[in-house]
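The values are calculated or read from the model by the stated rules, or taken from the named source; none is laboratory data. Everything numeric here is computed off the predicted structure, so don't read it as measured data. When we count neighbours, we look across all protein chains shown, and the Cβ atoms used for this are built from the backbone with ideal geometry, even at glycine. Remember, those area values only see protein heavy atoms, side chains included, never the ligands or the DNA or RNA. Shrake-Rupley method; radii C 1.70, N 1.55, O 1.52, S 1.80 Å.
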Amino acid sequence: VQLQASGGGLVQAGGSLRLSCTASGSIGGINAMGWYRHTPGKQRELVASITSGGTITYADSVKGRFTISRDNAKNTVYLQMNSLKPEDTAVYYCNVTTDWGFAYWGQGTQVTVSS
């Protein structure tokens, strides 16, 4: 199973980026898909997640600015990030949890927001 993430980069504060992550391989049924982020010196934190039933969870810090969505036919999860702030700077990791409870992680994509 592989998770291929893309869409990170450098953007000015107030700008937008869209992350995508596609799962491939013998992954079976996917339950939840989500995005986490990590900043040096801090624990990895959940940014947003979406279950197969459509239940969405956002970190308080991104509510109203970020939107998570998924395309089940493509095994792909997206994260639309608007009104980016310097504190959103981090390495973003996609995460997939299967119906059997196995979790897989993408390789991480850097998001840098300049002030």
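Things worth noting here:
- Stokes-Einstein diffusion coefficient of the stretch 55-103, Kirkwood radius over Cα pairs, 37 °C, 0.692 mPa s, in µm²/s: 260 µm²/s
- Placing +1 on the Cβ of every Lys and Arg and -1 on the Cβ of every Asp and Glu, with nothing else charged, gives the stretch 9-115 a dipole about its Cα centre of roughly 140 debye.
- At a probe radius of 1.4 angstrom, the accessible area of the chain per residue rounds to 53 square angstrom.
- Rounded percent of accessible protein surface that carbon and sulfur make up, the chain, 1.4 Å probe: 48 percent
- Point-to-point label distance, residue 39-residue 114, nm (Cα→Cβ direction, 7 Å offset): 1.9 nm
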